[in-house]
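*Asks:* One structure coming up, written as structure tokens, with questions to follow.
Computed from the coordinates by the stated procedures, all read-outs in this text should not be read as laboratory data. Predicted model, so just to flag it, every value in this text is computed and none were measured. Ideal geometry is used to build each Cβ from the backbone, glycine not excepted, and the neighbour counts take in all protein chains shown.
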Amino acid sequence: MALWGNSDAVYSDGTITVNLGTKKVDRVGTSATFTTATSGITTGNVITVGTGATYGYAVITAIDSAGVLSIASTEGFVAGLTTVPATTYAISEEPLYVLGDSHYRAPEAKTTGFSTNPVFTSVFGVDSTEVGIARTASVGGKAGAYGVAHSGWVGVTTYIDGHGNLRVKSEVLVAGGISGDAADDTRFADS
């Protein structure tokens with residue numbers, strides 16, 4: 001199993017539930033089919049549970065059937081949960097070691113940190129087109145706010161400072177080529 005891949009959007013069709021006791025992810029309804037995902041879900045992929053990792057993250061250890069996945073651990077989930085109700089999800093090939101980094105721990109929006117406003121932290125797969133656009137695009141009235149040094153897997157932290165200014169900090173975790181695209185276009189647009 002590789003430490004990371006080059007796709008920030010492997011699969012995200014339908015909704016899932018998660019039983020943290022059995023470490024099983026179950027599809028809800030008939031639209032999500034793990035075994036027929038055209039982009040190929042594999043062991044070692046990262047599943048982000050809930051929009052904005054509301055519930056947490058985990059590493060996939062097995063594709064048990066068309067409707068069931070197994071996860072390695074529940075450590076990346078928000079404390080106090082036993083089950084996750086039907087919710088959205090995304091599967092990516094992001095670096096596995098980021099899951100152990102307390103800075104990027106779920107959920108992505110936190111109420112403590114650099115200011116009294118929510119602090120957002122996440123890891124994005126950013127391709128070269130997105131890098132170019134991010135260097136000039138205006139976000140929150142600030143041109144180039146999401147400009148990053150290099151394409152690859154990038155950790156991003158944003159917050160509003162005490163003067164009401166958007167602050168964006170980024171670090172390239174793995175420099176390299178990224179393919180695929182996730183629903184992160186509000187931060188790293190393709191055009």
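*Asks:* Can you give me the Rg/Rh ratio for the stretch 15-95, using Cα atoms for both radii and the Kirkwood formula for Rh?
*Replies:* 0.91
*Asks:* Add -39500 (n - 2.57) for each DSSP H run of 4 or more in the chain, then divide by its residues: what number comes out at 222 nm, to the nearest 500 deg cm²/dmol? Please list the in-between numbers first.
*Replies:* Numbers: 1 runs with 7 residues, N = 191.
-1000 deg cm²/dmol, from helical runs alone.
*Asks:* Quick one: which residues, 5 or more positions from residue 64 or on another chain, have an amide H under 5 Å from its amide H? H modelled 1.01 Å from N in the peptide plane, none for Pro or chain starts.
*Replies:* Sorted by chain and number, the residues that satisfy this are 69, 70.
*Asks:* Given an 8 Å cut-off on Cα distances and at least 6 residues of separation, report the relative contact order of the chain as a percent.
*Replies:* Once divided by the residue count of the chain, the mean separation gives 21 percent.
*Asks:* May I ask you to order 89-97, 9-17 by the average number of other C-beta atoms within 10 Å around their residues, highest value first?
*Replies:* Top of the packing list down: 89-97, 9-17.
*Asks:* So, one more: Please list, in chain and number order, the residues 5+ apart from residue 174 or on another chain whose amide H is under 5 Å from its amide H, with Hs placed from the backbone.
*Replies:* For residue 174, whose amide H was placed from the backbone, the distant partners under 5 Å are 153.
*Asks:* Calculate one ³J(HN,Hα) per residue across the stretch 134-139 by plugging θ = phi - 60° into the Karplus curve 6.51 cos²θ - 1.76 cosθ + 1.60, and present them in order as whole Hz with x for glycine and proline.
*Replies:* Along the stretch 134-139, the couplings run 5, 5, 10, 5, 9, 10 Hz.
*Asks:* Contact order normalised by length for the stretch 108-175, with contacts defined as Cα pairs under 8 Å and 6 or more residues apart; what percent is it?
*Replies:* Computed value for the stretch 108-175: 30 percent relative contact order.
*Asks:* Right, another one. Give me Rg over Rh for the stretch 108-175, both radii from the alpha carbons and Rh done the Kirkwood way, two decimal places. Write down the numbers at each step before the final one.
*Replies:* Values: Rg = 12.1 Å, Rh = 12.3 Å.
With Rh from the inverse mean 1/r over Cα pairs, Rg/Rh is 0.98.
*Asks:* At q = 0.12 Å⁻¹, what base-10 log of I(q)/I(0) does the Debye formula yield for the chain when every alpha carbon is treated as an equal point scatterer in vacuo?
*Replies:* One equal scatterer on each Cα of the chain leads to -0.58.
*Asks:* Next up: Go through 157-165, 21-29 and give me the packing order, highest mean Cβ count within 10 Å leading.
*Replies:* 21-29, 157-165
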